[in-house]
1. State the extension gain, in nm to one decimal, for the chain segment bounded by Asp199 and Leu87, taking 0.36 nm per residue of separation less the distance between their alpha-carbons.
2. How long is the gain from Gln111 to Gln231 if the chain were fully straight, where each residue apart is worth 0.36 nm and the alpha carbon distance is subtracted?
3. If you keep only loop residues by DSSP, which chymotrypsin sites (Phe, Trp or Tyr not before Pro) in the stretch 27-79 have at most 12 other Cβ atoms within 10 Å of their Cβ?
4. Using a Gaussian network model on the chain with a 10 Å cutoff between Cα atoms, which of Met61, Met109, Met176 fluctuates the most?
5. In Å and whole numbers, how far do the C-alpha atoms of the chain stretch along each principal axis, longest first?
6. Summing +1 for each Lys or Arg and -1 for each Asp or Glu, what net charge is found among the other residues whose Cβ lies under 14 Å from the Cβ of Asp47?
7. Take the chain, connect every pair of alpha-carbon atoms lying under 10 Å apart with a spring to form a Gaussian network, then pick out the residue of Asp139, Asp194, Asp72 with the largest mean-square fluctuation.
8. Considering only DSSP states other than H, G, I, E and B, which trypsin sites (Lys or Arg not before Pro) in the stretch 187-243 qualify as loop sites with at most 14 other Cβ atoms within 10 Å?
Amino acid sequence: MHASGRQTVTVEYIETAALDADGLALLSQTLSDEERARAARFHFERDRSVYIVGHALMRDMLARAVGGSAHDFAFTTGAHGKPEAVLAASAPRLRINLSHTRGLAAVAMTQDVDVGVDVEWMARDSDLLNIAERFFAVDERRQLALAAETDRRDCFFAFWTLKEAYIKAIGLGLAMPLADFSFQLETLRIAFADHVDDDPDDWHFLHRRLSHDHALSLAVRHKGGPAPDVQITPTDLARLLRG
Ligand SMILES: CC(C)(COP(=O)(O)OP(=O)(O)OC[C@H]1O[C@@H](n2cnc3c(N)ncnc32)[C@H](O)[C@@H]1OP(=O)(O)O)[C@@H](O)C(=O)NCCC(=O)NCCS
């Protein structure tokens, strides 16, 4: 929590192109045996890289916030797979969320409240309208259809990342039907289907382009008061590699 009483949310990100094999090997040393084993199972090197970078960054942010060694943190997972750091009872109740996509990993960290982050690589060659038809809410599909052709990709990835950030914040992942809630992009607000027990006023959302090809969205639960203070910065890689 900020001195002003505002919730603080820290988001850091790393573009994997900035790292060479030595840097990656160094970062993988901070991972647990289980994480390293999982990293080894990726078929594509690019998937392995963002996985290692994302998990190393998550550990490093926790170590910077509460002290201790990045390697020593342990995590629990919720019923639908949402990880949370295991922290000493005396430590601040930090909440984290990680996202990785082609070429970039990002981690959001705050205290007490639910937080979800999603990053996506926007250059993917997919039939965006077809994905929207399958997953987006009716009103989102309408907004997408009305968008100028030149804005459509941005609009699609804004919806996609916002939807993922929300389902990651609540921890349900895809157990939450994606058509049961929708975003309005102009004022960046969520609306829920009648049967969903959630309140748009409890949420703060942010959408940002991090690079030419990368979009990020963040969802933070906040009950009233001023909007959270969100700091989004690229990680200082030289410092991270020094450990
Ligand atoms: C797993 C899911 C929560 C996020 O998946 P994703 O967007 O592909 O991946 P991201 O990189 O953003 O997030 C993965 C990280 O989120 C965390 N995570 C896993 N389950 C989570 C959950 N239920 N809630 C919050 N975070 C979760 C983990 O740290 C995971 O990292 P890891 O796999 O390296 O351990 C889920 O929403 C999913 O499978 N989405 C598929 C995407 C899709 O098809 N979307 C439809 C179009 S909108």
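Where a number appears in this text, it was derived from the coordinates with a stated rule and is not lab data. Predicted model only: the values in this text are computed from it and were never measured. Please note: Cβ atoms are built from the backbone with ideal geometry, for glycine as well, and neighbour counts cover all protein chains shown.
1. Numbers: separation 112, 0.36 × 112 = 40.32 nm, distance 2.93 nm.
That works out to 37.4 nm of additional length.
2. Numbers: separation 120, 0.36 × 120 = 43.20 nm, distance 1.38 nm.
So the chain would gain 41.8 nm between Gln111 and Gln231.
3. Values: sites: Phe42, Phe44, Tyr51, Phe73, Phe75; in loops: Phe42, Phe44, Phe73.
Sparse-neighbourhood loop chymotrypsin sites (Phe, Trp or Tyr not before Pro): Phe44.
4. Highest fluctuation among the options: Met176.
5. The Cα atoms of the chain stretch 49, 41, 31 Å along the principal axes, largest first.
6. Details: positive: Arg38, Arg41, Arg46, Arg48, Arg102, Arg124; negative: Glu35, Glu45.
Net local charge, Asp47 excluded: +4.
7. Among Asp139, Asp194, Asp72, the largest GNM mean-square fluctuation belongs to Asp194.
8. Working: sites: Arg189, Arg208, Arg209, Arg221, Lys223, Arg239, Arg242; in loops: Lys223.
Here the trypsin sites (Lys or Arg not before Pro) that fit, given the DSSP loop and packing criteria, are Lys223.
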